[in-house]
Amino acid sequence: MKATFGGGCFWCTEVIFQNIDGIRSVLPGYMGGKTTNPTYKEVCNGDTDHVEVIQLDFDENKVDFMTLLKVFFKTHDPTTLNRQGNDVGTQYRSVVFYHDDAQKEAVEHFIQELEKHSVFEDPIVTAVEPATTFWEAEDYHHDYFNQNPSNPYCAAVIAPKLQKFLKEYK
């Protein structure tokens, strides 16, 4: 089964989902834009309308879509439009790209419940959109955090986020 999430920089989200039992693969890439086979530079420049996403292949017998939604909403800020921390631009917007009607209904219901229980102080701006063509990111983006742990961005932004996640979910 597939799930596709845009929750800021794909380097940040990739490593979180790599640490969930039942995830077979996590691919960084781009979705939701107008350009065929976009490049990282084009997406970062805001020229394509694509979102940096991760596409998950998961085993439903080990982890369900609802659990993935919980992790997604817990590990990014779904209340900021076109921004995650210092990453600003439409390519960082919060979005769930659904792959079937069941996923669409699950996401919409989940967001309604979060809003109903005022889980976040501000309104949720996460978009719910049908999955379109997934364009896999360039090779150097794959497994980025694990390959580049001493990168200043990885050390300052991703490592603390990963440590917090592992403490809460392991």
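Quickly run through the range 53-86 and pick out the residues that are surrounded by 17 or more Cβ atoms within 10 Å (Cβ to Cβ), closer than 23 Å to LEU166 by Cα and not β-branched (Val, Ile, Thr).
Once the filter is applied, which keeps residues that are surrounded by 17 or more Cβ atoms within 10 Å (Cβ to Cβ), closer than 23 Å to LEU166 by Cα and not β-branched (Val, Ile, Thr), the range 53-86 yields GLN55, LEU56, PHE58, PHE65, LEU68, LEU69, PHE72, PHE73, HIS76, ASP77, PRO78, GLN84.
Report, by residue number, each residue of the range 125-151 that is within 23 Å of ARG93 (Cα to Cα) and assigned to a helix (DSSP H, G or I).
Residues satisfying the conditions are ASP139, TYR140, HIS141, TYR144, PHE145.
So for the range 24-31 (the condition being in contact (Cβ under 8 Å) with a residue 60 or more places away in the chain, part of a helix (DSSP H, G or I) and closer than 18 Å to GLU138 by Cβ), does at least one residue qualify?
No - not one qualifying residue is present in the range 24-31.
Would you be able to tell me the number of residues in the range 1-23 that are part of a strand (DSSP E or B) and either closer than 22 Å to GLY85 by Cβ or among the charged types (D, E, K, R) (or both)?
Going through the range 1-23 one residue at a time, the tally reaches 5.
Working carefully through the options ALA102, ALA137, ALA106, find the one that is under 30 Å from THR35 (Cα atoms), of a type in the set (Gly, Ala, Ser) and touching a residue at least 60 places away in the same chain (Cβ under 8 Å).
Just one listed residue meets the conditions, ALA137.
Of the conditions (1) out of contact with any Leu (no Cβ under 7 Å at 6 or more places or on another chain); (2) touching a residue at least 60 places away in the same chain (Cβ under 8 Å), GLU113 fails just one. Which one is it?
(2)
Quick check: is even one residue across the range 110-132 of a type in the set (Phe, Trp, Tyr), modelled with pLDDT of 95 or more and buried (at least 17 other Cβ atoms within 10 Å of the Cβ)?
yes
Looking at the range 159-167, can you tell me whether even one residue there is surrounded by 13 or more Cβ atoms within 10 Å (Cβ to Cβ) and touching a strand residue (DSSP E or B) at 6+ places or on another chain (Cβ under 9 Å)?
Looking for residues that are surrounded by 13 or more Cβ atoms within 10 Å (Cβ to Cβ) and touching a strand residue (DSSP E or B) at 6+ places or on another chain (Cβ under 9 Å), one finds none in the range 159-167, hence no.
Contact list please: Cβ distance under 9 Å, first residue in the range 141-170 and more than 17 Å from ASN86 (Cβ to Cβ), second residue surrounded by 11 or more Cβ atoms within 10 Å (Cβ to Cβ) and among the basic types (Lys, Arg), pairs at least six apart or on different chains.
PHE165/LYS74; GLU168/LYS74; TYR169/LYS74
What are the residues in the range 32-58 that are closer than 21 Å to ALA102 by Cβ and assigned to a loop (DSSP other than H, G, I, E, B), if any?
Hit for the range 32-58 is GLY32, nothing else.
Is there a residue in the range 86-102 that is at pLDDT 95 or above, in a helix (DSSP H, G or I) and over 21 Å from TRP11 (Cβ atoms)?
Taking every residue of the range 86-102 in turn, at least one turns out to be at pLDDT 95 or above, in a helix (DSSP H, G or I) and over 21 Å from TRP11 (Cβ atoms).
Given the criterion closer than 19 Å to ILE158 by Cα, out of contact with any Phe, Trp or Tyr (no Cβ under 7 Å at 6 or more places or on another chain) and of a type in the set (A, V, I, L, M), identify the matching residue among ILE111, ILE16, ILE20, ILE54.
Within the list ILE111, ILE16, ILE20, ILE54, the selection yields ILE20.
The values are calculated or read from the model by the stated rules, or taken from the named source; none is laboratory data. Because the structure is a prediction, the values reported are computed rather than measured. Positions of Cβ are backbone-derived with ideal geometry, glycine not excepted, and every protein chain shown enters the neighbour counts.
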